[in-house]
1. What does the convex hull of the Cα atoms come to per residue for region B:73-113, in Å³?
2. May I ask which residue of B:Gly103, A:Ile500, A:Ser15 lies farthest towards the positive end of the charge dipole of the protein assembly as shown, with charges of +1 (Lys, Arg) and -1 (Asp, Glu) on Cβ and the Cα centre as origin?
3. Cross-link partners among lysines for A:Lys17, C-alpha distance below 29 Å, same-chain residues fewer than 8 apart left out?
4. What is the average number of partner chain Cβ atoms found within 10 Å of a Cβ in A:71-84?
5. If amide hydrogens are placed 1.01 Å from N in the peptide plane, which non-local residues have theirs closer than 5 Å to the one on A:Val8?
6. Test of understanding: express the Cα radius of gyration of region A:2-241 as a ratio to 2.2 N^0.38 Å, with N the residue count.
7. Which value does Rg/Rh take for region B:273-379 over its C-alpha atoms, Rh per Kirkwood?
8. Within 10 Å of each Cβ in A:381-391, how many Cβ atoms from other chains are there, averaged over the peptide?
Amino acid sequence: MPSSEQAVLRMVGISKKFPGVVANDGVDLEVRAGEVHALLGENGAGKTTLMSILCGLYHPDEGSIIWKGHPVRFASPWQAAAQGIGMVHQDFKLIQRMTVAENVMLGQPSSRRALFDAPAAAAAVERVSADFGLPIDPRTQVRQLSAGMQQRVAILRVLSGRPDLVIFDEPTSVLTPQEAESLFRMMRSLVQQGKSICFITHKLEEVMHIATRVTVLRDGKVVDTSETRLTSPRELARRMVGREVLFTVTKEPSLPRDVTLEVQNLATAGAPGQVALHDISLQVRQGEILGVAGISGNGQNELAEAIAGLRPVLSGRITIDGRETAHSHPREIINMGVAYIPDKVRQNAVFMDLDLAHNAMAKSHRGAPLAPFGVFRMRAIAAHVQRLLAAYHVRAPSQATLARQLSGGNLQRLVLARELSRAQHTPRLIIAANPTAGLDVGATEYVHTQLLEQRDLGRAVLLISADLDELLALSDRIAVLSAGHIVGTVPAGQVHLEDIGLMMGGTNAAGREPLS
Amino acid sequence: MSRGVEGPQWSQAEGPPGKSEGSAQGRSSGPGGQPPNLAIKWLRAAGVALLAIAAAFLAASILIAILGINPIRAFGAFIQGSLGTRNGIAETLVRATPLALAGLGVAVAFRAGVWNIGAEGQIFLGALGATLVGLYLPPLPRPVHLLLVGLGGFAGGALWGGIAGFLKARFQANEIIVTIMMNYLGILLVGFLVTGPMKDASGLAPQPQTVPLIASALLPKLIPATRAHIGTLFAIAAAGVVWFMMKRTSLGYELRSSGANPDAARHVGIDVKRAVVVAMLISGGLAGLAGANEVSGVQHYLTQDISSGYGYLSIAVALFGGLEPLGILFSSLFFGAVLVGSEAMQRGLSVPIYLVYIIEGLVIISMLLRQLARRRSTV
């Protein structure tokens, strides 16, 4: 077989299970010497798990790795590095308060001696940095460097082991376009030296730009491997997302009425390390679900926070039921009937160390009927909480149960109950961010039913989700966010999946005007 | 997302539990009542506290034995001195009262996620505020004057705590460092005033101090012929008020929410920065009441050592009391007795008074070890 003669690495039948998830399911991968091999797939498709197995972080449940013609088993990343395989992690894994040299030398045999020879380390780093044309000052503290330069430190750490295969995990997610271009130049020069590169990404354009071949992963399985020049972004998007056929949507046609939420030319700053929003405009009407698609970290949370009043609005307008709220206090917005199910409820919505009663009465904790004049009416509270727990099927021994003791599904039910059935202020607008992330099928279905029910009650729903299937199943229209911009807004019923995939990658590929 | 405010992540289920709002049990336990395991939980908390005390005293006896003193005799003197006589009990109450008031303040701040280490300085400012009201107002009916003395004390402590709260909310200044520094400022400010502008100029006073407060600003005695005064009753009342505020009002709800999870608090519309400031105002105010209590009930004038470390000890009192008002009342009694009993040991057997601080430290460590063990078991 000619291909296997060239193959420097073969992974055969790799499977890896985590509790409740099959991350890799019989994956075969072959990487040739001197190629950039892209691993393409959605979040959770199993790309990073596969590469973590390759570099010795995880052990596969099944399957074998053949490296340079010999079967290998790496017990640790050190062993993989010694054999010439290194990985540049997405989050760099650097120690911010150490210098560049200290970070590069971390884990190298010389750093395990009792004394650290700083001048020698600096000289070693300068040598590597000169060899690969990646200039850097070894004595700078890492925390003073930009994201692009920090990545350079992480790359130098890998290159200082003189690897033959370098794995990059979504390396461009924190880079400016210019930094990304210089990274690609460096990758090309590495493969010209005969090294191989595995390049994890979900950006189609990068694949077309840099990769020799591409393997598409979906749900832990390999969909296909092909030469990049023989494929197209459209084809890759279809493979990545998986289905050409749309869902049979079990929902009534929507009957949108008046505009509830209107966002015009919104701009905000991003959270540290996250994108800012630019010129966002969208409308959500009563009785419709507007889905917001996008690869996570492209401004979804910033959008939800801005509408909820939790993130300062730099410019633009937000109106809810005709009232300007861009600079309102979060409580005012809550009291206008805005329900918000934030991303990562454990962190952002729930008091894990407090009991269910405390959690369930949040947002209703001021004023009548539960707390007229700021004093709790214990009977009314107990009755209200009891009603919520029963109506939303939160299974718990008592109201005094700690939130920490609930399962993910029960916790999400608790949050839904609190947000959708408040003691005062009936919801008019519901913002839900990844409301089913991490939930099992039953709980997911419950959340979906609730959201559709809210829509059919004539409420406006803004559904932000990293799950395209969920968006297509629930939304009436879908707006696609990429890098803090809305690339386009399309009716969910007629959209082609590849188009959404392409738009998530930043291109309005169909070339059609954004619909609204 | 960055947290608005960093602070102690005190598990609010800690300590003597059982007063969480609402109950699924309906009528039998009443509104806000707790299922029948309340008594068990209390017993367990008390048992753990007793274990910590026993461990601390065991370690202390080893130290006493090293000094060549029979530990059994030493603790005999300890018990006799603190609880064995009418005067001993009165002195224990005199010491427990400021510890309880300041400890309640510490608990309010800790529950709200703010590490207020500044009770000592807040006590000094409270004493100053009370002194100003008790010295420079004309004679008034005693209830009115005492109320104003209390307000003066609260205001002084609230000012000192509020500054730290404001700096944390506005500039993310670390409240631990700020409150420690404010301790020195408060102690030295009072020292300056009683040796200078406010000094008793008669020359009769044995130490730098102000002239005595006017009679209508003094707290009446609780036990005749002792120093025990009715400030103790006010401390018990304050525990009730703090419990009600924290567990039965929207304000307390917001403070506890901010302390338990500032991110989630923001998402449910709570102004976490405001909560930090409010918590520090109340916390400092309660410590200020302790200062007013010392001036109006014990010393009757302001001195430069109006608090002998009550503020620092009140942190231990609050933690040992599980940050719960009732627990803090008991824990202040315990530490009050330790103070008085240790003095008795020193007088009778020359055991160094520093033993108090050793016992204090040992008790805190035992309590924290227990907390760590629990934390680990729940993860």
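1. Numbers: hull volume 2.7 nm³, N = 41.
Value for region B:73-113: 65 Å³ per residue.
2. Result: B:Gly103.
3. Cα-Cα hits under 29 Å: A:Lys47, A:Lys68, A:Lys93, A:Lys203, A:Lys221, A:Lys344.
4. Values: counts 0, 0, 0, 0, 0, 0, 0, 0, 0, 0, 0, 0, 0, 0.
Rounded to a whole number, the mean comes out at 0.
5. Amide H to amide H, under 5 Å and 5 or more residues apart or across chains, A:Val8 pairs with A:Val31, A:Arg32, A:Ala33.
6. Working: Rg = 17.6 Å, N = 240, 2.2 N^0.38 = 17.7 Å.
Ratio of Rg to 2.2 N^0.38 Å for region A:2-241: 1.00.
7. Details: Rg = 16.5 Å, Rh = 15.9 Å.
Result for region B:273-379 is an Rg/Rh of 1.04.
8. Working: counts 5, 11, 3, 1, 4, 4, 0, 0, 1, 0, 0.
Across A:381-391, the average partner-chain Cβ count within 10 Å equals 3.
Bear in mind that the values in this text are calculations on the coordinates, not laboratory data. All values reported here derive from a predicted model rather than from experimental measurement. We place every Cβ from the backbone using ideal geometry, glycine too, and count neighbours over all the protein chains shown.
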